[in-house]
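Below is one structure, written out as structure tokens; the observations come after it.
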Amino acid sequence: MRDTKKVMLVILAVLLSLQAITCNASAKTIYVESGNSIQKAIDSSNSGDTIIVNPGTYSGDIEISTANITVMSSSPYKAIIKAENNAFNIYEKNVTIKDFDIRGPGRSSGTCFSFGRNEGTNGAFYCTVQDNKIYNFNMAADVGFYMYSGSEYILNNEIYNCETGVYAFDLMFQDITVSGNKITGCDNGLYLVDAPCTVTNNNFNNTVNVNISDGTENIFNTTKTSGVNIVGGSYLGGNCWATPSGDGFSQTHSDKNRDGFADEPYKLEGSNYVDYLPLVPLNASFIVFSEPPA
């Protein structure tokens, strides 16, 4: 009996290995040339594929209903997406979008990244938006539980000239991570409603940096760790809090020991949340906000 069980376990292990090999072997790279359609490439993709977009200007309103794919520019910011409304509508999990220059119709309309679900899909969970320039949208990223999304990663993007940088609401048992972003020149940097969020190492410079309600578990700093932070300091911790008028916490508080952190924690306005390691830049040039290209 024991020998039979051992044989069955070996067979199961072999089958699982063969399945993994088959899945990896079937994954392919699809290239999109200037003048061609990103949407057609996505529609022809399968789980595990990577779509590489070569330099050029492309249309927005791209819909993604395939899970586990990566869509990326071949060179950072050389593939430009001009959106008349939304840039990307994502309906499946584990989708990564990176290295694009994404231009919206104007800060009063359009959403750059909308995470949700449509017929036949499971919802846009565990997606990553990374290393993009995002500007001239009503919202740069829109995450909401009732639309079947959550656990997104918004990482290392430049987000500017939007009405709201990241809007998240009613995530219930999901959360999002916002880290390494430069979110500037917006009316609202983050707008969080019942949306647990980890917010670290961001450079905020907006009219209002965070609109947030108490009652959810939000985190605004890590422990002090060696590493270059987003405003050039030698340690990672919290976020840089600036405003265009120059009266932000990180612009008006001292750093006497020059460790890159303010000498006192920052209690976020209108809430009970605290950034215990707010960043103070050594060079004021780190907190100017970007202007959209002409």
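Max-minus-min Cα coordinates of the stretch 201-246 on each principal axis give 31, 29, 10 Å, with the largest extent listed first.
Rounded to the nearest whole Å², what accessible area per residue is found for the chain with the 1.4 Å probe? Don't skip to the end; give the middle numbers.
Numbers: 13920 Å² over 294 residues.
In whole numbers, the chain has 47 Å² accessible per residue.
Using the Karplus relation 6.51 cos²θ - 1.76 cosθ + 1.60 with θ = phi - 60°, the per-residue 3J(HN,Hα) values for the stretch 117-132 come to 7, 10, 4, x, 10, 9, x, 9, 9, 6, 8, 10, 10, 9, 6, 10 Hz, with x marking Gly and Pro. Over the Cα atoms of the stretch 75-176, the radius of gyration divided by the Kirkwood radius equals 0.95; this is the Rg/Rh ratio. With R₀ set to 41 Å, the beta-carbon distance separating N54 from V228 gives a calculated FRET efficiency near 0.85. Charges on Cβ only, +1 for Lys and Arg, -1 for Asp and Glu, centred on the Cα centroid of the chain; of S37, S151, G232, which one is farthest towards the dipole's positive end? Farthest towards the positive pole: S37. Estimated translational diffusion coefficient (Stokes-Einstein, Kirkwood radius over Cα pairs, 10 °C, 1.306 mPa s) of the chain: 78 µm² per second.
Of the whole protein surface, L192 contributes about 10 Å² of accessible area at a 1.4 Å probe radius. Taking packing as the residue-averaged number of other Cβ atoms within 10 angstrom, the listed peptides 31-39, 125-133 run from highest to lowest as 125-133, 31-39. Annotation: the antiparallel percentage among DSSP beta bridges lying fully within the chain is about 5.
Kindly provide the helix-only [θ] at 222 nm of the chain, computed as the sum of -39,500 (n - 2.57) over DSSP H runs of four or more divided by all residues, to the nearest 500 deg cm²/dmol?
Numbers: 3 runs with 35 residues, N = 294.
Per the formula, -3500 deg cm²/dmol.
Working from the Cα coordinates of the stretch 109-263, the gyration tensor eigenvalues give, after taking √(5λ), semi-axes of 27, 17, 14 Å in decreasing order.
The values are calculated or read from the model by the stated rules, or taken from the named source; none is laboratory data. Because the structure is a prediction, the values reported are computed rather than measured. Here the Cβ is made from the backbone with ideal geometry for all residues, glycine too, and neighbour counts use every protein chain on show. Heads up: the accessible areas ignore ligands, DNA and RNA and are worked out on the full protein's heavy atoms, side chains in. Shrake-Rupley method; radii C 1.70, N 1.55, O 1.52, S 1.80 Å.
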